[in-house]
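The values are calculated or read from the model by the stated rules, or taken from the named source; none is laboratory data. What you are looking at is a predicted structure, and each value in this text was computed from that prediction instead of being measured. Here the Cβ positions follow ideal geometry from the backbone for every residue, glycine too, while neighbour counts run over all protein chains shown. SASA here: full protein model, heavy atoms, side chains in, ligands and nucleic acids out. Shrake-Rupley method; radii C 1.70, N 1.55, O 1.52, S 1.80 Å.
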Amino acid sequence: MIALLFLPALVVQAPEAQAPLPILEAKDLPAAARGPMPPPGPDLGADRGALGVSRQAARRGPSIPALQLPAGSVRVKDKVPDISGWRAYAIEVPPGEKVKVQVVAGRKAWFRVLGVNAWGRMEKGLLQNKIPTGDPLATYINPSKESRTIYFIVDTTDVNMLGDPFEVEVTRTR
């Protein structure tokens, strides 16, 4: 009898079911006007074999080609595009908005997500896992009063992942 008194409180506190995010194919996304410069630091997927040398050569260059993500929260189906092992996504972030980018499908433990500015560096508002935890995600909160273009790099930690599929969830909140 007393349990019935608490039933309305449980119904009120039940979380609302969220609508699924729209799913986009990476091949349908436009190329960004520019990509970020390669970030400093060691390559976690490097090795001394022929593949490792090829990967290092592919990672040298003026910038990483990036895909432009649309406004709003989305889920992107993609695959590791080439021997370099990384894919960059450009996101326009309005003032005060928070963006979370997370690999949610694929061999998650073999990926990491880096948030960087156009120069491949960290800046105020960026937060990412520096210690590999197996949960590849990075976030950005725009602290400025103007829109900023931020790049999220999905990077592999294994040299032999060419063509491996993965899905990235991009969640925007105010």
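Model label sites at LEU44 and ASP82, defined 7 Å from Cα along the beta-carbon direction, differ in position by 2.3 nm. Across the range 165-174, rounded Karplus estimates of 3J(HN,Hα) from the backbone phi angles (6.51 cos²θ - 1.76 cosθ + 1.60, θ = phi - 60°) give x, 7, 10, 10, 9, 10, 10, 10, 9, 9 Hz, Gly and Pro being marked x.
Helical runs assigned H by DSSP (4 residues or longer) give the chain a calculated mean residue ellipticity at 222 nm of -4000 deg cm²/dmol, each run adding -39500 (n - 2.57) before division by the residue total.
Rounded to the nearest 0.05, the FRET efficiency derived from the C-beta distance between ARG107 and THR149 at R0 = 35 Å is 0.75.
Using θ = phi - 60° in the Karplus curve 6.51 cos²θ - 1.76 cosθ + 1.60, the 3J(HN,Hα) couplings for the range 34-47 round to 8, x, x, 6, x, x, x, x, x, 8, 5, x, 6, 9 Hz; x is entered for Gly and Pro. Remark: for residue pairs LYS77/LYS124; LYS79/LYS100; LYS100/LYS124; LYS77/LYS100; LYS79/LYS108, the C-alpha separation exceeds 22 Å in LYS77/LYS124.
Fully extending the segment from LEU162 to ARG34, taken as 0.36 nm per residue of separation minus the present Cα-Cα distance, adds 43.8 nm. Exposed loop sites were defined as GluC sites (Glu not before Pro) in DSSP loop states (anything but H, G, I, E or B) carrying at most 16 other C-beta atoms within 10 Å; in the chain the longest segment without such a site runs 17-122. Helix 50-59 and the longest principal axis of the C-alpha atoms of the chain enclose an angle of approximately 80°. Apolar share of the accessible surface for the range 36-174: 56 percent from carbon plus sulfur atoms, 1.4 Å probe. Taking 0.36 nm per residue of sequence separation and removing the Cα-Cα distance, the THR133/ARG121 pair yields an extension gain of 2.2 nm.
In the context of the full set of protein chains, residues of the chain present 59 Å² of accessible surface per residue (probe radius 1.4 Å, heavy atoms only).
Converting phi to 3J(HN,Hα) with the Karplus coefficients 6.51, -1.76 and 1.60 and the offset θ = phi - 60°, the range 154-161 yields 8, 10, 9, 10, 10, 6, 10, 10 Hz in sequence order, with x at every glycine or proline.
Model label points for ARG172 and GLN56, set 7 angstrom from Cα along the Cα-to-Cβ axis, are 4.0 nm apart.
Annotation for the range 92-114 versus the range 47-64: alpha-carbon center distance of 24 Å.
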